[in-house]
Every structure is written in C-alpha cells, then in structure tokens.
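Here the structure is laid out as structure tokens; the discussion comes afterwards.
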Amino acid sequence: MNPSYDVLTVSGRTVQQLLPEAALVLAAVLLMLGGAFMKGAALCRPLALLALALAALFLAGQPAAADPTAQFARESWRVGPVFVGDYSLLLRWVALVLGGFYVLMVPPGAGGLLAAEYFGTLLLVVSGTMLVCSAGDLVFLFLGLELISIPTYVILYLARTGESAPVVDDGGGVPVDSWYMPGGSDERPGSPGPVKAARWAEEATVKYFFLSLLSSSLLLYGFSFLYGAAGSMDLPTIGETLVAQVRSAGGLASSPMLTRLVPLGFLLIVTGLAFKLAAVPFHFYAPDVYQGTSHASAGLLAVAPKLAGLVVLIRITAVIRPATGDFAWQVLAVMAIVSMTWGNVMALWQREIRRMLAYSSIAHAGYLLIGLAVACGPVVEAGGGPIDGFSAAIFYMIAYSLATLGAFAALVHLSGRDGDVRLVEQLAGVAKSAPAVALSFAVFMLSLTGIPPLAGFWGKLGLLSGAVAVASSEVEPSGARWFLVLAIAGAVNAAIGAGYYLRLAGVMFFRPTAVCEAGQRHVPQGGHRAQAGRSTAWVATVAAGFLVLSIGVVPAPFLQAAVRAGQAVSRAPRERPADIVTAGMPIDAVDGRARQP
Amino acid sequence: MERVLWITVLLPLAGAVLAMLLGWSNAPAARWTALVASLTVLLLATWILGTYPGGEMVFAFSSLPWSGGPADVGVRLSLGLDGAGIWLFGLSSLLLVTAVLVSWESIADRPGLFYALLLILETGLLGVFTAQDIILFYVFFEFTLVPLFFLIGMWGSEERHWAAMKFFIFTLAGSVLTFLGLLVLVFWHARTCGNMTFSMIQLTADFADPAARMPLALQTWVFLALFAGFAIKVPLFPFHTWLPLAHVQAPTAGSVLLAGVLLKVGTYGFLRFNLGMLPEATAVCMPWVLSLAVVGILYGAWVCLGQQDIKRLIAYSSVSHLGYCMLGLLAVNRLGIQGGSLQMINHGISTGGLFACVGMLYDRYHTRRIADVGGLARRLPRLAFFMLLFALSSIGLPGLNGFAGEFVLLLGAFERAWTAVPADWMLLCRVLVVAAVGGIVLGAWYMLWLVQRVFFGPLREPLSQQDHARIGDLSLREVAALAPLAVLVVWIGLMPSTVLVPMSGTLDSIADRAGAAVAESWQRSGEVGFRQVAGISRDGVSLAGTGERRDDVMSGK
C-alpha cells in the first residue's frame, strides 16, 4: 500500500499543528472584514501585532516544541501532511518574528483607506511562509507558496496607492488634503509625484505578477517530474522511492527513464525557485520592482519570498539529492557564483537605494546557494566541518533577513521624517539627526558585508567553511577545485560588496546634512499619528540592530538552532532508508505511537 | 592572570560605552573618560608584562566556547600571550594613551563618538595580539578596520571619504583571501590529524610535524592567500598605495595607531601563520617576498625624498621601515626574526612619535607642507627636540632603538644570504641584502633633510597665521604624550635585551622550526650546490636566547 494516501488524511491533530497559521488567516479575514466598518486605520497595527502574538502563543504551546527527543529532531514526526521537527519549527519561528518586523515597519498611512486590507494581506504572507515551513507534500508546498505570492501582488500595489490617497487623521477623521502631502508636487528631484508613484507601483506589480506566474509554472512542471519518477506527492515517499530505484539500478545512469529525468526536474524547480530567491536567472525583476514599490514593501519582498524559496529548496534538495548526482551541485554552484558577482557588481553603480538593495538581495541569494551547493556536494558531511551546508544557509538567511529588514525599516523611518528618501545622497547627515538609526544602519551594512563580530560574519564563516571543507577533503580533484572556486568567489564578493555597503554607511556618517534640509520643509504626513508610525519603524530598526549585534557576539544558540534544523531536514532519506519507512507512516498521536494500518 | 588579561582586553569597550554616553556632546567628559580608561588599560598591561615569565608557553591562557557545537569543535574565545605578541600588546596600550592625549584639543566634533571609536580600536588591537583561536584572531584582525574607517572618514582631512573607503576595501580584499587561507589550514589539519580545532596553539604544535603539513603546491597557494591579506596590511611594495592616502587623511590619533600598531598586525600574522605553519612554502617564496621587501625599502625611501607633505613623507618612510621588518622575518633564522620583531616595536614607537609630533605641528600652523615652515626649532624647541629624537631613532642612530633592531635583523639577513641559500638565488639574495643596507643611507638623507627644512634655517611661518605670538611650545599634556615614547627610544637603544629576552622563547622556536624546514625543503628539492655552513644556519646564533636548540614545541595548557 502506498503510504502517501494515508499521509494525506487530515485529522484533528493536523489542525492543532496548524493553529498558528490558522490564527493568522482568521485574523487577516477579520481585519479585512472589520476594516469596512472601522473609521481610520489606527487599530490595524495593534490588531495585527496581537494576531502575531497569538500565533506565537500557539506555536510555543505546541506539544512537540517541548519534546526534543531524537525522533523529533529527525523531522520524521508528522501529522498528516504537516512536518513537525526542528527544521520546520525553527523556520516557523523565524517567519513569525520577521512578520513582527513587517508589521512594525509599515509606514503610517500605507494603503490609504485600505489599511486594514494591507495589514490583513501581511498576515496572510506570514501565514503562507509558516505553512511552507511545515509542508511535507508537493501540493501543500505549492499552496503555501501561492499563499505568499497572491497577497504580495496586493501589497505591492497598495504600497504606493497609500501615498496618493488621502490619509485620514485619527484626530477627528478629517482628511488631509493631498497637496499637503510629501511628494505632492514634482518639484523635488528624484521623488515621483503621487500619480507617477502609483504608476510605478502598477508597473512593479504587473512585472512581478507575470514573472511570478511563469516561475510558478516552471516549479509545477518540475514537481511533475518528481511525481512521475516516484509516483507520490509525499516528500519522504519520493525520497524513499528514488533512493530505492537508484540503489537497485546500481547508479543513476542505469535507473528507470523517469528517474533519470529527476535532474531535469530539479533544474526546473531550482529555476522556478530562483524567482523567489531573486537569484540568477530569475533576478531581473528585483531592481525594477523594488524601485517601483515603497520601502516597506521592498523590505517584505526582499525577505519573505526569499525565506520561503530557501525553505522549499532545502526541503526538496534534501529529499532528491541522491537522484541528482553531480548535476545538482554544479547547477547550484554556477548559479551562486553568477548571482553573487552580478548582484554585487551591479549594485556598485546604483544611486537609488532600493535598487542598490535589490542588487544586494540578488547577491545574497548567491551566497545562500553556496550552502545548498555544499549540501549537494561530493561529501555530504563535509569532512567533519563545523556546520553543514543547509545549516549555514539557514543561519545566513536569518542574518540577512534581520539586516535587510532593519535597513528598510530605517529607510521607512527616515522617509517618514524627511520625505521620500530615495537616493544615496539623501542619507547624508543622518548620523547627526538620528544617531540611533544611523548606528543601526551601519551595523546592518557591516553585517551584510560580513564584518565580525556581527551576525553576517558567522553566516559567511559557515558558508565559506563548508565550501573550503569540501575543497580540502579527499574528493576527486575536479570537484574539489569547483568548491575552491566557489569559496574564492564568495570571499572576493564580500570585498566587492563592501564597496556599496560602505558607501551607504559612509554617507550617513561622513557627509554633513545637505539634502535632508530639503526634506525638512515637508510637514510630517498624517499629523501626530504619523509620529507613532515612525516610532514603530524606529523600534523595528533599533530592535533589528540589537539582534544583529547580539547574534554576532553570542552566536552559539543561533548557530546551534540552525545546525539542529539543518540536520533534521537532511536526516535519513539518503543514508538510512530504514528510517524512511517509519517516516512515511503517519504518526497520529502526540506520544509518537505509530498508527496501525 | 587570565582574568586580568580578559579585563584588559574588554575594559576599553566599557570605556567606549561610557565615553559615548557621557560625552556625546560634552568634550571634557569624553576625553577624561577615554584618558582614564586608556591609562587603566596601560597599567593592567604593564602588570601583565611585568609578570610575563618568558619561554615558549602561552601565558595567561584561557578559553571559553563561542560558536558552540559538540565538544571542542567550534570557535572558542581563547586569549593568551606569548613572545610574539607580548610587546605589540604593550605597545598598543601605550600608544592609545598617546592617541588620546594628542586628540585632546583638536577633536571638537562629536567627541564622544571619537573617543569611543578609539577605545573600540584598542580592544581590537589588544585582541588581535592575544587571540589564540584562529577565527578569533581573524575577528579582531578585521574588526580593527571598522573603528578606523569611521575615524578616518569622520575626522580626517579633505579627502577623507575616499581615503577611508580605499583603506577599508583594500584591506578587506586581502583579508577575505587570508580568511580562506586560514580555513584551509584548519580543514587540512582536521583531515590529517583527525581532530577539528581552531586553536592556534594546537595548530602550531601539530604543524611542527612535517608529516602533518600540506603538500608543497597546496602550501604555496595557502601561503599566497595568507600573504594577500598580510602584505596589504604591512604594506609590502606593490600593495602599499592605500597607506599614504590613509595616513595623510587620518586624524593624528588615527595615524599614530595606524602606523604604530595596525601595520604590525600584518607582520605579526606573517610571523605566526606563514612562517609558523607553512615553512616549506616560505622556502619557495622567500626570494620573491625578499625582493618585494627590499624594493619597498628602496622605493619608499626614494619617494620620501620627493615629498612636499610632512605626513606623507613619514607615511612613505613606514613603507620603507616595514620592508626592513619583512626582511628580518624572511631571513628565517633566530637573529632575523628577533631583529624583525624588535624593529616592529621600534617602528611603532618612533613613527608613532613622529606622527604625534606632526599632529602637534598641524594643530599650531594648520599646514603639513614642508615649504610652509622653517626654522621652527627657535620657536618650538621642545617639539624640535622630540622630532629630532624620533627622526634619529628612525634613521637608526647607534644608541637609539632603531639601531638595535636594524643591526640585529641585518645580521640575520646576512647570515641567511651568505650561509644558507641555494646557489641559484645566492647572488640575488646577496644583492638584495646589500641594497637594503643602502636603504639606511637614503633613510638618513630624507629624515635629516626633513628635520633640517622644518626646524632649522631661517624662521618661516605660514602667512595665513595672524598672531604668531600666541603659538607656544609644547604644553605639559603634549610632553606627557611624547615623553614615554622618548624614554623607550633611549631605553631600548641602550638595553635592547629588555625587549629581546622575553620574546626570544617563542620567536626562537618559530625560527628554529621554520629554519629547519626551509633547509630541509631546499635539500630535498635537490638544489645543486646548496651550501650550508654547518651548525650556524640550523641552530642559529641567538643574541638573547639561551643558545641551546629547542626541539620541544610550544604548548599551552
């Protein structure tokens, strides 16, 4: 009997496992419904935060979380199609915490009259990311990814409409005239007027929408190859079947025809996910879309899809890497090198901050792929290296997300104060006018460069040491040489990246306030509620700065969590087929007792 | 003592936080906090140096887990002192006091941040010379860039943005390759010795066994990777272009620390890793690196002769002097390495002092152009005295510290060139060493000429300065900043053994091991006509050491 049918049965336990996600979806629906009756948008942010807190409560209260047994750590503990283990748990927490940052960094007045919808869709994105983290089935994975994509289209569009729509003051519901708004006229260089901004947002949304559809279809096509080869949608079953087929045929080359097509499926999946990761070859949209939308949405776009893409890629790679041979790491290594170099070199020439950070996001997608290439590489356990490829990529993702979100939150804060900050020069003198923001921003930039002792350094250490470990292990020289090239490319790119990261940090500290004064003449938008909104972005900035610094100084708990997660996801299918059988069986009780078929 | 070492390294950080909070806009609070913190650190460092027992053991060693992970696998916070780092550790704590004192009145803009960055830089410097974990070393190595980047970029002169940027990116570009090289060392060790460790003590001890070392080709690549970072930091000849810019644009305190200590991080790393762990590759690369060092000596000195800017001249003289340090280290024998290490300290003292003097001159006349001033000895006799003293020390006048260092390292270099090189390179090495001696003449020329033009001859002061009457000689604070350095110049000149003896334990063991490996690798590679005067090059002659061969490896707790 094929276990995959059993696995799909949904029980009460499944719902219990998915309570955090369900709470978020429910809160989103309530927000959107209630938004129609609410006057003003003042309550949206606290309500969204409340929903996130509730989800965190559910996540913390899950029975599995308190049970660090060996079985739990193997990620084989599952309820229906939902995986429960160190990998899904850590990443769900990450998604939830990042969700808090998204909500905090939304500028006041974003979404205009549709503010409730804005926050509702944000919650949907968070919930989608969390679903992806725990999905153990191809269909479920795809659903989760779409639950991120579709709300993102809405947010991309809403981001800019808020600026042209009249903002309602909570004082008495008096609409503020639109001529009063920053950017109300086109006289300021580099700042689009409301109409233009809305048009840019439309353009960004349309670009993102069509490319997203294309990438989704590629992803689905890739999934179909896996289904064709293994005859199942269930990931552990796919892994088990592929390992069995390859083993019985005595190698990938002599496997059944459909199994030999798995590398092609892998290529399609990676290409499809490259869109989410903003990695070459699907990176083209990033600069235009980031530039066209607002700071807050660009921050969301730089983090949420990338996190989801990484989670899915790791999950699938862990399962099918026995059937991909050398092809997988070769593809990933080439993508990594090209993405890093392209992103970093292009970022050097940018004047627009969001465009620059978009290229930075492409470059960091390349870094993440180093970890995946190492994990698929000739030596899986990397010669006793301190941290394996998956774990390094997970840790790197955490470091990257905090620094990038923090940077965008800083931009939101500064834009709220000085008018739309779009160009690098407009950051001049921030060190004097907003020292805490400037210090945090410098921390983010240095962390993204990989300067110790900040979070980004440990991320780079993990990734590069993985590549060096493969390169200096006893694999055949051609493989080792590839990984050496990968490591060198990663290291050199850190130095190239320093060029523009330092420019951003340097402008804040080295230049006197020049352009900021031009921004000062704008009256803060939205009266005193705008002050409150700015302070939440400020809180997000400083909190992210503190986290990046403290992860850098005390990396042990975070590194260990990443290592546990990486080991959990990569456990079993490749080495110990015996475990897969148990994994495939639905375990429908909290105490881990297998249900008899 | 372990605890004292930790407190010494971390105290500046606490001072930095305090300086930032108290002195955000209150200059006196900021500078007094910085002064008290740096003096306390100096006292603690002196105490540690006073109790240092010498020998090869790592002193005051302690280790805490950092990155976590199973058992010993993982990065650890390991601090300890040995002969190679001990004086650089002391020098950093001393020069920071100087740096605080010379900035006393010249820094008015955001004083809290300035002194906080200085103190953060001190933690980085103290850490880099005490780190006993390879990743921790790298963390401090790279971390020193950050405060200096902001110091140069925020308080520097006209071209400070570009200078800060160029300094950071140059150094980072080299050090990321160094990072890869260090990782390869660790993983090679894990592969051959079976246990994964980041401990420098363990790595040094295990790599003492030739069987554990890498094959020559890989070793050469790793050598070059490490060399990339260290050579830029030193800076060796073609990689020096960031240095004049950074030095000239940096505020005085930045220049003092940059020249005084930061450049030595490069030579220190070279000594620790390239010589200590990759001796066979050192044998292969020796003629090349030696050539670069000597070209740097001559080129730096030559360029000095044409400089119009006092600070720029001293910056180029650093290129020349660091060439001597590398020459000594590259001799790979006891005398050369001891001399090179002594010269690192000497250069830190004298060039740190020179930069401080130039800063004081700049505070008075707001010019660094040589042509703008002249005959100042009459107006500023105390400054002229200190400047002349440091200049003479930097030239290498017998009786002052520069002579002791240069003499010892040249002895080592001659010993290498005349007794133990393969025949193919013998001529090259001899020509290089002789040319290096010629560099001393150039050094005397440009330095004395500088002093003559600035301090002697008819009095000439910048026209833009309205009331020259107000310009007075050095204040008590300024004398206090320079006097300790001046005392050391004379002290080390008269009794170099005070510095040499504590260092010799560690240095001799590095020299002996590397020297033996170099000789063996040359013999093994079948160099025809390899000549070796028996007994001298292998056991070496030690000026300060006990003279007996030390075969036992350095070991920690």
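Computed from the coordinates by the stated procedures, all read-outs in this text should not be read as laboratory data. Small disclaimer: the values here were computed from a predicted structure and weren't measured. Quick reminder, even Gly has a Cβ in these numbers, built from the backbone with ideal geometry, and neighbours come from all protein chains shown.
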Mind ordering B:104-115, A:345-356 by average Cβ neighbours within 10 Å, highest first? B:104-115, A:345-356
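Taking the Cβ of A:Cys376 as the centre, find all other residues whose Cβ is under 10 Å away and add up their charges (Lys, Arg: +1; Asp, Glu: -1).
Every neighbour counted, the sum reads 0.
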What shape does region B:334-387 take by its C-alpha gyration tensor, where a ≥ b ≥ c are the square roots of the eigenvalues and a/c under 1.5 counts as rounded, a/b above b/c as prolate, and the rest as oblate? prolate
Whole-percent pair-distance distribution, where bins are 10 Å wide, for the alpha carbons of region B:363-477: 12, 32, 23, 16, 11, 5, 1
Quick one: helix B:2-22 against the long Cα principal axis of chain B, what's the angle to the nearest 10°, folded into 0 to 90? 30 degrees
Helix B:216-233 sits at what angle to the longest principal axis of chain B, using alpha carbons and giving 0 to 90 degrees rounded to 10? 10 degrees
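Cβ under 15 Å from A:Val94's Cβ, A:Val94 left aside: what net charge do those residues give with Lys, Arg +1 and Asp, Glu -1? Before the final figure, lay out the partial values.
Details: positive: A:Arg92, A:Lys306, A:Arg315, A:Arg564; negative: A:Glu21, A:Asp86.
Net local charge, A:Val94 excluded: +2.
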Once you treat every alpha carbon in chain B as an equal point and sum by Debye, what is log10 I(q)/I(0) at q = 0.05, 0.08 Å⁻¹? -0.19, -0.48
Over the Cα atoms, compute the radius of gyration (one decimal) and Dmax (the largest Cα-Cα distance, rounded to a whole number) for region A:278-420, in Å. 16.2, 55
Determine the calculated [θ] at 222 nm for chain B from helices alone, applying -39500 (n - 2.57) to every DSSP H run no shorter than 4 residues and normalising by the residue count; nearest 500 deg cm²/dmol. -23500 deg cm²/dmol
Scan around B:Asp133 for amide H atoms under 5 Å from its own, H built in the peptide plane at 1.01 Å from N, and keep only partners 5 or more places away or cross-chain. B:Ser78, B:Met200
Is region B:261-382 rounded, prolate or oblate when judged by the Cα gyration tensor, a ≥ b ≥ c being the square roots of its eigenvalues, rounded requiring a/c under 1.5 and prolate requiring a/b larger than b/c? prolate
Is there a simple number for the mean count of other chain Cβ atoms within 10 Å of the Cβ of residues in B:173-180, and what is it? 6
Degrees, to the nearest 10: B:423-455 long Cα axis against longest axis of chain B: 10 degrees
Express in % the proportion of alpha carbon pairs of region B:1-54 at distances exceeding 13 Å. 59 percent
In terms of modelled amide H atoms, which long-range or inter-chain residues lie less than 5 Å from the amide H of B:Gly374? B:Arg460
Phi-based couplings in Hz for region A:542-554 (Karplus 6.51, -1.76, 1.60; Gly and Pro marked x): 5, 5, 5, x, 4, 5, 4, 5, 6, 5, x, 7, 10
If the cut-off is 22 Å between C-alpha atoms, which lysines fall inside it for A:Lys306, apart from same-chain ones fewer than 8 positions away? A:Lys207, A:Lys276, A:Lys460
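Taking the Cβ of A:Ser447 as the center, what net charge do the other residues with Cβ under 14 Å away carry, scoring Lys and Arg +1 and Asp and Glu -1? Display every interim value, and only then the final one.
On the way: positive: A:Lys460; negative: B:Glu142.
With Lys, Arg at +1 and Asp, Glu at -1, the neighbours total 0.
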Would you mind classifying region B:390-456 by shape? Square roots of the alpha carbon gyration tensor eigenvalues, ordered a ≥ b ≥ c; an a/c under 1.5 is rounded, otherwise it is prolate if a/b is larger than b/c and oblate if not. oblate
Any chance you could check the Cα centroid distance between region B:224-274 and region B:24-49 for me, in angstrom? 25 Å
Taking the Cα-to-Cβ direction at B:Thr498 and at A:Asp326 and moving 7 Å from each Cα, how far apart do the two end points lie in nm? 6.4 nm
